[in-house]
Amino acid sequence: MDYFLDLVISGLMVGALYGIIAMGFAMIYKATGVVNFAQGEVLMLVAYIAYTLTTLIDMPFWLLIPATIMIGMIVGLIVEFLFIRPMIGEPVFATVMVTIGLAVFIRSLVVLLWDAFPHEFVTSLSEQVIEISGIRLYPSQIVAFITYLVLMAAFWSFFRYSRIGIAMRAVANKETVALLMGIRIKHVYAVAWALSSIIAGIAGVLFASIYDLDPTISAMGLNAFPAAILGGLDSVLGSGFGGLIIGVVENLTGGYLSTGLKSVSGFVVIILVLMVRPYGLFGEPEIERV
Amino acid sequence: MSGAPPRGRETDPASTTAEGMTATSSALLELTNVQIFYDKAIEAVRDVSLSVKKGSLVALLGANGAGKTTVLKAISGILFPEDGTVEGGTIEFDGKNIAAMEPDEIVRSGIVLVPEGRQLFDTLTVEENLIMGGYTTTQRNAAEALERIYDMFPALTGRRHSVSGYLSGGEQQMVALGRALMSKPKLLMLDEPTLGLAPQIIEEIFSTISALVREEGTTVLLVEQNAQLALSVADYGYIMENGRVVLDDTPERLLRNDDICEFYLGFSDAGARKNMRDVKHYKRRKRWLS
């Protein structure tokens, strides 16, 4: 039983990271209708820039987070402006292809600018294992989970109460009508990319501080993808929640069956779920009212 | 038929249409020889000129496919998602050419379109829909406008947190109208606001529209299938056919025009209702132009 609980808890911790990344997928998909396959690479880029920053200046952890937010925002806006904005009005598929190209580009760029070796991402968080009623956790894992909860709450209120958040949902619902309201679609796209990069960056920094920083970190994007599909690509909070499920399922599979099946299990889960609910657990089927 | 049908632009010296006459100083919206293409190849609107005086209610009538909706979309600047372009002529609003403006600039300058079929953001609540209508105004103005809309449509007050996709047709039309009024437009354009509504609701909508014009001084451009109803409230009427304005006159004279009566209202000279087959036959037999 203890083993089971251990697996579930550490699964939740990994799942929190998946959830954060999945929210980034959903954010862009919801606003622009594009699946951003460069999500993991944006994460990687932001994490590397943040890493360089920590090697240059001695930075306490509480300062690292706002710094990551700034870096994420700038990266997101630059990527949107250079690669995505020229694609507005082109078929969605073309834009998706651009994100795939972008993924390869950023991966190479990072190896070129930094290197392909693992680096230790040192944060001021203690490395001391904390034991809470028999379950052993690293402080950074707890920080990751708290960040996840904070982000979930933040996005919930963002989409409900802020004007730009509601506008994002409006654009997702009926783009032409959103134009008629005077909503600037380009602004909405830019905000979506910025927010998505910010949360990807946060996930990247958290992940790198738990493990190490090396170019394989970009695979986190693909690992989190099932979470977004599971929760429903058009539901940001649903995707966030999907992360927890995928995290736990992966850990249980790894613990009881074999570690090799670990990353496959997430995809098995989404295939099963999509057979029953093709729009994901929390995605919205179209309201057709004739 | 008794004699050739009169051509509006010849019989009414007050109308400022085709011949490029200068607009009367009170014209809020002035279209001059507007030509609209879809896909650069299909001519949807040819040489349309119309003018809407400040504080007036102008009806734009015509059969399906006459190009009425295309004209409204051109004014709002939302032809581009359908590959439509204004190729010739000018669209002037308040003395400025708005033909090349972005949709959000057009909204900001005071033109709002209520699209055909209401087009609510059906996944958003009533209040969120209304908030989107006030997207271009400041937060404080939007809050005031919100109260004004609830005063205007008390039925919506109890539904403010309902998802708008599940409202009745009449309530949806109220939301659509309220949403458009949130930004206090100078020119309100309505595309078939009574489509598919019960007669009682239609009456309510029309009394709201005429109250807006008579009491609040809003200028309205109304597209309607129900010609008789539209002409009963309008100050001036235009009739389109096959992408052209074929007639324009005061409602009294339009209603006295035998052709209009035959074509749109289904009355014969004697005032007896003709059956649909006769009307259809008549339609084939008679065209004003071409």
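The values are calculated or read from the model by the stated rules, or taken from the named source; none is laboratory data. None of the values given here were measured: they were computed from a predicted structure. Cβ coordinates were reconstructed from backbone atoms using ideal geometry, including for glycine residues, and neighbour counts include every protein chain displayed. SASA here: full protein model, heavy atoms, side chains in, ligands and nucleic acids out. Shrake-Rupley method; radii C 1.70, N 1.55, O 1.52, S 1.80 Å.
Would segment B:63-160 count as rounded, prolate or oblate if I go by the C-alpha gyration tensor, calling it rounded below 1.5 in a/c and otherwise prolate when a/b exceeds b/c, oblate otherwise? Please list the in-between numbers first.
Numbers: a/c = 2.52, a/b = 1.69, b/c = 1.49.
Prolate.
Could you tell me which of rounded, prolate or oblate describes segment B:120-183, using a ≥ b ≥ c as the square roots of the eigenvalues of the alpha-carbon gyration tensor, with rounded for a/c under 1.5 and, failing that, prolate when a/b is larger than b/c and oblate otherwise?
Working: a/c = 1.89, a/b = 1.48, b/c = 1.28.
Prolate is the answer for segment B:120-183, as a/c is 1.5 or above and a/b outweighs b/c.
Distances between placed amide hydrogens fall under 5 Å for B:Tyr236 paired with B:Leu57, B:Ala59, all partners being 5 or more residues away or on another chain. Per residue of peptide A:167-178, the mean number of Cβ atoms on other chains within 10 Å of the residue Cβ is 6. The coefficient of translational diffusion for the protein assembly as shown, derived via Stokes-Einstein from the alpha carbon Kirkwood radius under 10 °C and 1.306 mPa s, stands at 59 µm²/s. Each label point was placed 7 Å from the Cα along the Cα-to-Cβ direction; for A:Leu274 and A:Asp212 their separation is 3.4 nm.
Averaged per residue, segment A:13-73 has 30 square angstrom of accessible surface, using a 1.4 angstrom probe with ligands and nucleic acids left out.
Round to a whole angstrom and tell me the spacing of the C-alpha centers of segment A:257-286 and segment A:140-199. One Cα centre to the other: 25 Å. Label sites at A:Ser263 and B:Asp258, each approximated as a point 7 angstrom past Cα along Cα to Cβ, lie 8.3 nm apart.
Beta-bridge orientation, the protein assembly as shown: approximately 60 percent antiparallel, per DSSP, counting only bridges with both partners inside.
Full extension from A:Asp6 to A:Ile78: what is 0.36 nm times the residue separation minus their Cα-Cα distance, to one decimal in nm?
Extra length available between A:Asp6 and A:Ile78 comes to 21.8 nm.
Only residues of segment B:60-87 count here: report those whose backbone N is under 17 Å from the spot 7 Å along Cα→Cβ of B:Gln225, or say none. Under 17 Å, as judged by backbone N against the label point of B:Gln225, lie B:60-70 of segment B:60-87. In segment A:61-161, the ratio of gyration radius to Kirkwood radius, Rg to Rh, stands at 1.07 when only Cα atoms are counted. Accessible surface buried at the B:A interface totals approximately 2600 Å², computed with a 1.4 Å probe on protein heavy atoms. Counting, for every residue in A:182-193, the Cβ atoms of other protein chains within 10 Å of its Cβ and taking the mean gives 3. From the square roots a ≥ b ≥ c of the eigenvalues of the alpha-carbon gyration tensor of segment B:23-87, which class results: rounded (a/c under 1.5), prolate (a/b over b/c), or oblate? Here segment B:23-87 falls in the prolate category.
Within chain A, the longest run free of GluC sites (Glu not before Pro) that sit in a DSSP loop with at most 14 other Cβ atoms within 10 Å is A:128-285.
Quick one: with all protein chains in place, what share of the accessible area of chain A is carbon or sulfur, to the nearest percent (1.4 Å probe)? Write down the numbers at each step before the final one.
Details: 8970 of 13020 Å².
With neighbouring chains kept in place, the figure for chain A is 69 percent.
Contact-buried residues of segment B:63-98, at a threshold of 30 Å² lost accessible area versus the chain by itself: B:Ile78 (1.4 Å probe; DNA, RNA and ligands ignored).
For B:Thr69, what charge total do you get from the other residues with a beta carbon under 12 Å from its beta carbon, if Lys and Arg give +1 and Asp and Glu give -1? Local charge sum for B:Thr69: -3. Averaged per residue, segment B:123-259 has 38 square angstrom of accessible surface, using a 1.4 angstrom probe with ligands and nucleic acids left out. On the principal axes of its alpha carbon atoms, segment A:2-276 extends 58, 49, 34 Å, with the longest extent given first.
Once the Cα-Cα distance is subtracted from the 0.36 nm per residue extended length, the B:Ser26 to B:Gln200 segment shows a gain of 59.2 nm.
The string of couplings for segment A:143-157 from the Karplus curve (6.51, -1.76, 1.60, θ = phi - 60°) is 4, 4, 5, 5, 4, 4, 4, 4, 5, 4, 5, 4, 6, 4, 6 Hz, one whole number per residue in order, with x for Gly and Pro. Over the C-alpha atoms of segment A:210-251, the Rg to Rh ratio, Rh being the Kirkwood estimate, stands at 1.04. Calculated FRET efficiency, A:Leu252 to B:Glu82, Cβ-Cβ distance, R0 = 60 Å: about 0.75 to the nearest 0.05. Counting Lys and Arg as +1 and Asp and Glu as -1 over every other residue whose Cβ lies under 14 Å from the Cβ of A:Val269, the net charge comes to +1.
Computed 3J(HN,Hα) for segment B:127-134, one whole-Hz value per residue from the Karplus formula 6.51 cos²θ - 1.76 cosθ + 1.60 where θ = phi - 60°, is 5, 5, 4, 5, 4, 5, x, x, glycine and proline marked x.
Relative to the first principal axis of the alpha-carbon coordinates of chain A, what is the inclination of helix A:185-210, with its axis defined by its Cα atoms, in degrees from 0 to 90 and to the nearest 10? Helix A:185-210 and the main axis of chain A meet at about 10 degrees. Expressed as an acute angle from 0 to 90° and rounded to the nearest 10, what is the orientation of the C-alpha long axis of helix A:2-32 relative to the principal long axis of chain A? On a 0 to 90 degree scale, this one is about 20.
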